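Structure first, then comments.
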Amino acid sequence: MRAILTDVTKCIGCEKCVAACVTENKLPPALPARWTRDDGLSAERFTAIERKGTSNVRKQCRHCLEPACASACPVGALHKTPEGPVVYDSSKCLGCRYCMMACPFGIPRYQWGSTVPYVRKCTMCHENRVKLGRQPACTEACPTQATIFGERTELLAEAHRRLGVDPARYQPAVWGETDVGGTSVLYLSPIPLDFLGVGRVQHERALPELTVTAMEAVPPVFVGVGAVLAGVRWIIGRRMKLADGSSPHGGSHDGSHGGSGTGSRGGSKEKKP
Amino acid sequence: MRRLLATKALLWFIAGGALILAIVRFARGMGATTALTDLTPWGFWIGFDVMGGVALAAGGFVVAGTVYVFRLERYHAIVRPAVLTAFLGYLAVVGGLLFDLGLPWNIWHMVIYWNPHSPLFEVGWCVMLYLTVLALEFAPVLFEAARHPLLAKAYKFLKSATVPLVFLGIMLSTLHQSSLGSLNLILPHRLHPLWYTPILPIMFFVSAIGLGLMMVSCESLVSAWLYEREPELEVVQGLGKAARWVLSGYAVLRLGDIFVRGQGPAIFAGTYESWLFITEFLLSAIVPVVLLSLPAIRRSAGGLTVTALMAVTGIVMNRIDVGGLAQVGTTGTHYVPSWMEVWMSLGVVAAAALAYFFVAERFNLFHAGPVKREQFRYNLPTFDPGTLVAHPDPYTAGLGRYTLAGVFGAAVVLGLLPHSAFAGLSLKSQRVTPPGFGDRVLIDGNRTREAVLFEHKKHVEREGGEASCVRCHHLNNPAERTTGCARCHRDMYQTTSIFDHSLHAARLGTGKGCASCHVDNAALKDVAHTKACLDCHTRMLPATAAVKPRQPPRLGPAPSYVDALHGMCIQCHEERAKDPRVNKPALAQCATCHTGKVPSFDPAKPDARQTL
């Protein structure tokens with residue numbers, strides 16, 4: 001599986017990656033709008049440099065190994081490709097924006113200004129480059145090799161090698177190695193990168209795991225509820241029947257009919273004349 | 001019937017306005033109608049219309065279950081109104097969803113594209129199926145009076161299928177009521193811990209039952225009040241009794257879950273979330289349970305109405321909290337729904353309520369049959385033989401008034417619409433106001449606290465007016481070509497005089513005016529021994545100038561292009577090079593930028609074009 005390793009200490013913040021991304025994806029100008037966040041990313045910018053003190057952190061889709069967006073999408077418009085990138089099929093999308101809610105990094109953005117809006121995010125140049133064995137536009141454009149493309153296992157090894165060679169230079173972690181179940185975009189950083197997440201940091205495990213239990217319970221609950229309903233109805237019906245020996249009317253009347261319809265009016269009308 | 005008339009007129013007013021908003025929503029998009037942002041992609045429409053709406057419609061399966069599973073026949077009288085409310089409620093949910101979806105015409109995609117991992121997929125399917133079940137459950141009411149043999153056959157068949165349909169309805173409801181909770185399980189990062197729990201699906205299911213009971217009570221009492229008929233007090237009391245147990249159970253479950261997860265202190269933390277929780281919890285569980293335990297409340301229709309309304313508000317508030325309000329603090333967003341979102345949601349509810357009245361006045365919805373014509377005390381259908389004037393049919397009696405109310409609502413909304421609803425969201429036509437502090441500005445190009453006077457107005461005029469600002473005020477963004485000073489100041493290495501000596505000499509009078517600047521006759525006639533510009537041009541330094549020069553600026557030669565650029569770039573490069581983490585000493589060396597292509601400066605040919 002292919003991946004990207006971004007070494008924050010090597011980034012000089014020249015934004016050549018951003019320019020390359022704009023050219024490659026033919027993105028329109030990023031006009032300021034009410035709904036954009038001030039982190040540089042928008043429906044028109046798939047990558048951006050966030051400046052934190054003297055560090056320049058390149059933001060982009062993390063291409064999670066177990067993407068929350070893909071798990072959430074009700075029509076499967078998002079999926080993880082075998083090559084690594086998480087891609088979006090706009091022809092399936094119905095615009096529910098559950099993916100935007102689910103993403104722990106707040107990556108997918110929406111074309112709020114459009115009457116036919118789509119979700120937009122980095123695709124790691126899957127269609128035109130990675131699938132064909134080429135590297136993404138951003139890593140190709142980087143003049144300092146701060147962001148590099150390669151096999152995920154090799155990049156992880158390289159990251160750990162750098163950590164071993166110069167531990168004082170970095171925080172003692174490779175971001176994306178295990179958080180949210182691992183991502184295909186890895187970071188080495190001199191500062192903590194928790195600010196890349198949205199809301200409370202919940203990165204110990206993959207988010208899709210959280211809904212699995214509930215979703216697996218669906219078929220048994222469906223069948224179970226049906227069985228319990230039938231059982232309760234039968235038991236109560238039988239009890240009524242037994243108790244009914246003395247009284248001429250009651251629930252058994254309803255039961256023998258196989259249900260008297262949604263209204264009682266049918267029943268009461270019959271009795272009136 | 002005055003209250004009914006007023007209520008319907010109000011509903012038409014809201015619906016009329018919502019119609020205009022619906023047009024704006026689809027003609028201009030969500031950006032123009034909602035307050036949603038990239039950080040808050042779900043708002044009021046999901047929280048209230050979908051999560052709240054589905055919960056509000058829970059009465060259908062709860063009452064049907066009471067009658068057909070537990071066989072409590074005395075509740076039979078409210079099955080029809082409850083099923084109708086559920087049916088209209090779900091229609092309203094789907095209606096509201098059509099506005100909230102970005103691409104609503106793709107809503108059917110869930111049928112062909114499957115993702116069983118997604119709780120939303122499951123909710124979508126359940127709602128689709130349950131809507132069908134509800135339609136079939138309710139259809140007999142509509143077919144009852146039909147004479148057509150085919151319809152009579154359908155009526156008979158559907159009636160015989162009631163029990164299986166009710167079972168299916170309960171099974172589907174159990175799934176999607178709880179799945180609306182599961183929907184939030186993937187949002188631990190967004191949802192505040194007072195609401196986020198692994199048992200959210202169970203919480204949603206239990207509270208939906210409580211809400212269903214209270215909503216049916218509410219509806220029974222309110223419709224009785226509107227149609228001025230006797231409320232089914234005994235039935236409502238029974239529902240209240242059940243609700244008391246369900247809501248107590250919910251309260252225990254809710255608090256127990258919070259304390260087991262160790263979030264107890266968060267309730268009393270005094271934060272926004274703690275107050276939100278306390279309000280919601282009091283409204284949804286504690287106060288209704290206490291009120292329902294008081295015999296005085298249980299006996300009065302008014303007391304029961306207030307209690308039921310309170311519980312309904314509380315549990316709907318829970319859905320809105322989970323759907324948005326409890327995410328505001330954790331994500332740091334500033335989402336407040338726009339008035340258009342709120343009006344639109346109310347419009348959907350109004351449409352559903354009007355449909356309810358429509359059915360109530362025509363079909364055997366209530367135990368006593370359809371609302372009788374005699375009950376319409378206004379405009380009884382009569383025919384005056386003298387004048388041959390027929391008074392209108394009671395069903396359409398208020399039509400003129402309702403139309404007026406609808407048109408009035410539409411007019412009010414039209415008046416309130418923001419400019420963007422008509423003009424669209426154009427960002428390109430925004431005008432830039434020219435600088436407000438004079439024709440000349442001091443600019444500190446080298447960031448050395450030494451400023452030069454810049455003829456701003458003249459530059460604007462020369463460059464072609466307001467449209468030309470961008471030629472200098474470019475944003476230094478990637479895809480944009482920057483306009484360097486060099487475009488105007490052509491010579492790379494030579495300083496450029498901004499001060500026009502001959503112009504001054506001509507203005508002041510050649511031969512006579514020298515002394516007005518070169519005041520000291522004995523001193524050299526150079527810049528250092530001459531008056532500064534500000535001595536004469538007193539208005540050149542505006543009081544509001546952001547840059548205060550250390551001394552009155554003297555107009556000397558401006559630095560050359562090379563000097564200026566070096567002054568701006570090198571400082572930063574040197575700082576970066578010193579940073580141990582960058583560890584690139586070469587960063588501050590000339591060759592880093594000058595990659596061998598820069599020619600050496602030839603003083604003999606100062607005008608030669610030089611490139612980096």
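The values are calculated or read from the model by the stated rules, or taken from the named source; none is laboratory data. In this text the structure is predicted, and so the values were computed from the model without any measurement. Ideal geometry is used to build each Cβ from the backbone, glycine not excepted, and the neighbour counts take in all protein chains shown. Just so you know, the surface numbers come from the protein's heavy atoms only, side chains and all, with ligands and any DNA or RNA stripped out. Shrake-Rupley method; radii C 1.70, N 1.55, O 1.52, S 1.80 Å.
Taking the condition crowded, with 22+ Cβ neighbours inside 10 Å and among the aliphatic types (A, V, I, L, M), does B:Val62 pass?
yes
Say whether the condition of being open to solvent by less than 40 Å² (accessible area, probe 1.4 Å) and modelled with pLDDT of 95 or more is met by at least one residue in the stretch A:128-136. The answer is yes; a qualifying residue exists. For the stretch B:147-162, indicate whether the set of residues that are surrounded by 17 or more Cβ atoms within 10 Å (Cβ to Cβ), in a helix (DSSP H, G or I) and free of Cβ contacts under 8 Å to residues at least 12 places away in the same chain is non-empty. The answer is no, given that none of the residues of the stretch B:147-162 is surrounded by 17 or more Cβ atoms within 10 Å (Cβ to Cβ), in a helix (DSSP H, G or I) and free of Cβ contacts under 8 Å to residues at least 12 places away in the same chain. Given the condition under 24 Å from B:Gly43 (Cα atoms) and β-branched (Val, Ile, Thr), answer yes or no: does some residue in the stretch B:162-177 qualify? No: the stretch B:162-177 contains no residue that is under 24 Å from B:Gly43 (Cα atoms) and β-branched (Val, Ile, Thr).
Taking the stretch A:174-196 as the range and being within 22 Å of A:Lys10 (Cα to Cα), of a type in the set (Gly, Ala, Ser) and out of contact with any helix residue (DSSP H, G or I) (no Cβ under 8 Å at 6 or more places or on another chain) as the test, only A:Gly176 passes.
With respect to (1) within 8 Å of another protein chain (Cβ to nearest Cβ); (2) within 20 Å of the chain's Cα centre (by Cα); (3) over 19 Å from A:Asp194 (Cα atoms), the lone exception for A:Met101 is condition (3). If you take the residues of the stretch A:79-88 that are open to solvent by 10 Å² or more (accessible area, probe 1.4 Å) and under 24 Å from A:Met215 (Cα atoms), which of them is nearest to the other protein chains (Cβ to nearest Cβ)? In this case the residue turns out to be A:His79.
Annotation: of all residues in the stretch B:65-78 being in contact with a Phe, Trp or Tyr (Cβ under 9 Å, 6 or more places away or on another chain) and open to solvent by 10 Å² or more (accessible area, probe 1.4 Å), the one that is farthest from B:Thr331 (Cα to Cα) is B:Ala77. Any residue that is without any contact (Cβ under 8 Å) to a residue 60 or more places away in the chain, part of a helix (DSSP H, G or I) and either open to solvent by 10 Å² or more (accessible area, probe 1.4 Å) or on the phi < 0 side of the Ramachandran plot (or both) - is there at least one of those in the stretch A:180-191? There is no residue in the stretch A:180-191 that is without any contact (Cβ under 8 Å) to a residue 60 or more places away in the chain, part of a helix (DSSP H, G or I) and either open to solvent by 10 Å² or more (accessible area, probe 1.4 Å) or on the phi < 0 side of the Ramachandran plot (or both).
Output the residues belonging to the stretch B:235-287 that are in contact with a His (Cβ under 9 Å, 6 or more places away or on another chain) and either closer than 19 Å to B:Ser178 by Cβ or open to solvent by less than 10 Å² (accessible area, probe 1.4 Å) (or both). B:Phe277 - this is the single residue of the stretch B:235-287 that is in contact with a His (Cβ under 9 Å, 6 or more places away or on another chain) and either closer than 19 Å to B:Ser178 by Cβ or open to solvent by less than 10 Å² (accessible area, probe 1.4 Å) (or both). Every condition in (1) in contact with a Lys or Arg (Cβ under 9 Å, 6 or more places away or on another chain); (2) buried (at least 23 other Cβ atoms within 10 Å of the Cβ); (3) at the interface with another protein chain (Cβ under 10 Å from one of its Cβ atoms) is met by B:Gly31 except one, and the failing one is (2).
Going by what's in this entry, would A:Thr153 be described as open to solvent by less than 50 Å² (accessible area, probe 1.4 Å) and in a helix (DSSP H, G or I)? Spelling it out, it is not the case that A:Thr153 is open to solvent by less than 50 Å² (accessible area, probe 1.4 Å) and in a helix (DSSP H, G or I). Candidates in the stretch B:127-146 are the residues that are facing another protein chain (nearest Cβ under 9 Å) and touching a residue at least 40 places away in the same chain (Cβ under 8 Å); of these, the one that is surrounded by the most Cβ atoms within 10 Å (Cβ to Cβ) is B:Glu137.
The numbered conditions (1) more than 23 Å from A:Phe222 (Cβ to Cβ); (2) open to solvent by 20 Å² or more (accessible area, probe 1.4 Å) are all true for B:Asp100 except (2).
Within the stretch B:79-93, track down each residue that is away from chain A (no Cβ under 13 Å) and open to solvent by 10 Å² or more (accessible area, probe 1.4 Å). Break it down into steps so the answer makes sense when it comes.
Of the residues in the stretch B:79-93, the ones away from chain A (no Cβ under 13 Å) are B:88-93.
Matches in the stretch B:79-93: B:Leu88, B:Gly89, B:Leu91, B:Ala92.
Yes or no: B:Val235 closer than 30 Å to B:Val83 by Cβ, among the β-branched types (Val, Ile, Thr), part of a helix (DSSP H, G or I) and in contact with a Lys or Arg (Cβ under 8 Å, 6 or more places away or on another chain)? Judged against the criteria, B:Val235 is a match. State whether one or more residues within the stretch B:317-336 are at pLDDT 90 or above, among the charged types (D, E, K, R) and in a helix (DSSP H, G or I). Within the stretch B:317-336, one or more residues are at pLDDT 90 or above, among the charged types (D, E, K, R) and in a helix (DSSP H, G or I). A search for C-beta distances below 9 Å between a residue of the stretch A:99-111 that is assigned by TED's automatic domain parsing to the domain that holds A:Asp194 and of a type in the set (S, T, N, Q) and any residue that is open to solvent by 10 Å² or more (accessible area, probe 1.4 Å) and modelled with pLDDT of 95 or more, counting only pairs 6+ apart in sequence or on different chains, returns A:Gln111/A:Tyr118; A:Gln111/A:Arg120.
Identify all residues within the stretch A:204-223 that are open to solvent by 30 Å² or more (accessible area, probe 1.4 Å) and either within 30 Å of B:Leu39 (Cα to Cα) or more than 9 Å from chain B (Cβ to nearest Cβ) (or both); write none if there are none. Across the stretch A:204-223, the qualifying residues are A:Glu204, A:Arg205, A:Glu209, A:Leu210, A:Val212, A:Thr213, A:Glu216, A:Pro219, A:Pro220.
Starting from the stretch A:39-55, keep only residues that are at pLDDT below 90 and of a type outside the set (Asp, Glu), then list their pairs with residues that are open to solvent by less than 40 Å² (accessible area, probe 1.4 Å) and not in a loop (DSSP other than H, G, I, E, B) whose Cβ atoms are within a distance under 6 Å, requiring at least 6 positions of separation or different chains. Pairs found: A:Gly40/A:Ala48; A:Ser55/A:Val8. Out of the residues in the stretch B:179-215 that are at the interface with another protein chain (Cβ under 8 Å from one of its Cβ atoms) and of a type in the set (S, T, N, Q), state the one that is surrounded by the fewest Cβ atoms within 10 Å (Cβ to Cβ). In this case the residue turns out to be B:Ser182. Each residue in the stretch B:385-419 was checked for being closer than 30 Å to B:Trp343 by Cα, modelled with pLDDT of 55 or more and not hydrophobic (A, V, I, L, M, F, W, C), and 11 of them qualify.
Taking A:Lys59 as the residue in question, decide whether it is more than 12 Å from chain B (Cβ to nearest Cβ), more than 22 Å from the chain's Cα centre (by Cα) and either open to solvent by 10 Å² or more (accessible area, probe 1.4 Å) or closer than 17 Å to A:Gly197 by Cβ (or both). No: the conditions fail for A:Lys59. Looking at B:Ile186, B:Ile202, just one residue is of a type in the set (Val, Ile, Thr) and within 21 Å of A:Gly224 (Cα to Cα), and that residue is B:Ile202.
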